[in-house]
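Here the structure is laid out as structure tokens; the discussion comes afterwards.
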Amino acid sequence: MENSHLHFNTSIGVKKPENIRNKEQACPFCERDQLTDLIAVDGPIILLKNKYPVLENAYQTVLIETDDCHGDLSTYSKEHLHRLIRFGLKHWFEMEETGQYRSVIFFKNHGPLSGGTIAHPHMQIVGLHDIDYREKASHDMFEGLVIAERNGVRFTLSTKPRVGFYEFNVEMEDTVYRQEFAEYIQKAVDYILNHFPFKATSYNVFFNHLDHKIYAKIVSRFVTTPLYIGYGIPQVPNNLEWMAEEVRRIYFSIM
């Protein structure tokens, strides 16, 4: 029988450090000389094996984005932003190309409602041995109102959100890296944290690789709607046009 669920190892899970809420907990990613099982290093960016592999039948890695514990994707310099996203995409693709996994997921948690446990900026690249995330992904999840488009990179606000409400998408072909890809992601994150109509402290970035396209879905995180939890029914707000225009006004009106 094909497996449809990831199994979480609770005996490992209870040992994981948590410092998003527990501010007294030391940050394990700041103790760089204590890090082990390093896979690749590019200056302040480090990819290493996850010390707490809670997902069974998976190969888990952590991508430490910076040596600044209080940094964030929304505030990185353009140089560091592109260095980071290039690094992440490179190692995500390399893990896919090994052929050892049914699929490889690449994502970021930020904030207390994101599902993360460590505040230090990081992402995760996880090889799944028996689950293909692409079976539950489709191109229409990334369709939406166009906010900006340049050099083959498109920035949209979902009209068919996967979970519901406000989901930003950035897409490009997988043949060549375009700087707009990272910069549109950064603008979406900045909007969520600093200009959102509701106070937002949490977000996720989910990367998808479908039919030679790379998609990034940037999702503001609040308490998940009960209609989605109970019935899997996403909701679409009636002010998408307003929000798309607001993002254009803030980030693109002078261009």
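The values are calculated or read from the model by the stated rules, or taken from the named source; none is laboratory data. Since the model is a prediction, treat every value here as computed from it, not as a measurement. Reconstructed Cβ throughout: ideal geometry from the backbone, glycine too, with neighbour counts over all protein chains shown. Note: accessible area is taken over every heavy atom of the protein model, side chains too, but ligands, DNA and RNA are not part of it. Shrake-Rupley method; radii C 1.70, N 1.55, O 1.52, S 1.80 Å.
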Fill in the blank from the handout: Note on segment 125-255: alpha-carbon gyration tensor, axes a ≥ b ≥ c; rule is a/c under 1.5 for rounded, else prolate if a/b larger than b/c, else oblate; result oblate
Exercise for the section: Report the relative contact order of segment 98-190, percent, no decimals, based on alpha-carbon pairs under 8 angstrom and at least 6 residues apart. Expected result: 19 percent
Problem - For the chain, diffusion coefficient by Stokes-Einstein and Kirkwood Rh (Cα), 25 °C, 0.890 mPa s, µm²/s - result: 129 µm²/s
Fill in the blank from the handout: Long-range amide H partners of residue 9, meaning residues 5 or more apart or on another chain whose placed amide H is closer than 5 Å, are 55, 56
Handout entry: Dipole moment magnitude, nearest 20 debye, segment 157-255 about Cα centre, only Lys, Arg, Asp, Glu C-beta charged
Key = 300 debye
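Could you report the chain's accessible area per residue, 1.4 Å probe, as an integer in Å²? If you can, show how the numbers build up before the last one.
Numbers: 13030 Å² over 255 residues.
Computed with neighbouring chains in place, this is 51 Å² per residue.
Can you tell me the length gained on complete extension of the stretch residue 51 to residue 10, counting 0.36 nm per residue apart and subtracting the Cα distance? Show your work: numbers first, answer last.
Values: separation 41, 0.36 × 41 = 14.76 nm, distance 1.43 nm.
Stretched fully, the residue 51-residue 10 segment lengthens by 13.3 nm.
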Problem - Within the chain: Cβ-based charge dipole about Cα centre, in debye rounded to nearest 20 (Lys, Arg +1; Asp, Glu -1) - result: 480 debye
Completion exercise
Lone Cys, the chain, Cβ cut-off 4.7 Å -> 69
Exercise for the section: Work out Dmax and Rg for segment 1-92 from the C-alpha atoms and quote the Rg first, both in angstrom. Expected result: 15.2, 48
Problem - Phi-based couplings in Hz for segment 96-102 (Karplus 6.51, -1.76, 1.60; Gly and Pro marked x) - result: 4, 6, 5, x, 7, 10, 5
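What is the percent carbon and sulfur in the accessible area of segment 109-190, measuring with a 1.4 Å probe over the protein chains and ignoring ligands?
With neighbouring chains kept in place, the figure for segment 109-190 is 46 percent.
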Handout entry: the chain: most fluctuating residue of 43, 230, 144 per GNM, C-alpha cutoff 10 Å
Key = 230
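Over the chain, what relative contact order in percent results from Cα pairs under 8 Å that are six or more residues apart? Could the numbers behind the result be given before it?
On the way: 460 pairs, mean separation 43.8, N = 255.
Answer for the chain is 17 percent.
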Fill in the blank from the handout: Reported to the nearest 10 Å², residue 42 has, with a 1.4 Å probe, an accessible area equal to 50 Å²
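Which of rounded, prolate, oblate describes segment 65-127, given a ≥ b ≥ c as roots of the alpha-carbon gyration tensor eigenvalues and a/c under 1.5 marking rounded, otherwise prolate only if a/b is larger than b/c?
Working: a/c = 3.08, a/b = 1.44, b/c = 2.14.
Verdict is oblate for segment 65-127.
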Fill in the blank from the handout: In segment 89-126, the GluC sites (Glu not before Pro) that sit in a DSSP loop and have at most 14 other Cβ atoms within 10 Å of their own Cβ are none
Handout entry: Candidates per trypsin sites (Lys or Arg not before Pro) in segment 150-255, loop by DSSP, up to 12 other Cβ within 10 Å
Key = 199
Exercise for the section: Only helical DSSP H runs with n ≥ 4 go in: add -39500 (n - 2.57) per run for the chain, normalise by residue count and round the 222 nm mean residue ellipticity to 500 deg cm²/dmol. Expected result: -7000 deg cm²/dmol
Problem - Straight-distance crosslink candidates among aspartates and glutamates, where the alpha carbon sits under 14 Å from residue 199 and sequence neighbours closer than 8 are dropped - result: 190
Completion exercise
Over the Cα atoms of segment 93-187 the radius of gyration and the largest Cα-Cα distance (Dmax), both in Å, equal 14.8, 37
Completion exercise
Label model pair residue 96, residue 241: point-to-point distance (7 angstrom along the Cα→beta-carbon line) in nm is 3.6 nm
Fill in the blank from the handout: Calc'd 3J(HN,Hα), segment 46-58, phi into Karplus 6.51 cos²θ - 1.76 cosθ + 1.60 (θ = phi - 60°), Hz, glycine/Pro = x, comes to 9, 10, 8, 5, 5, 5, 10, x, 6, 8, 7, 6, 8
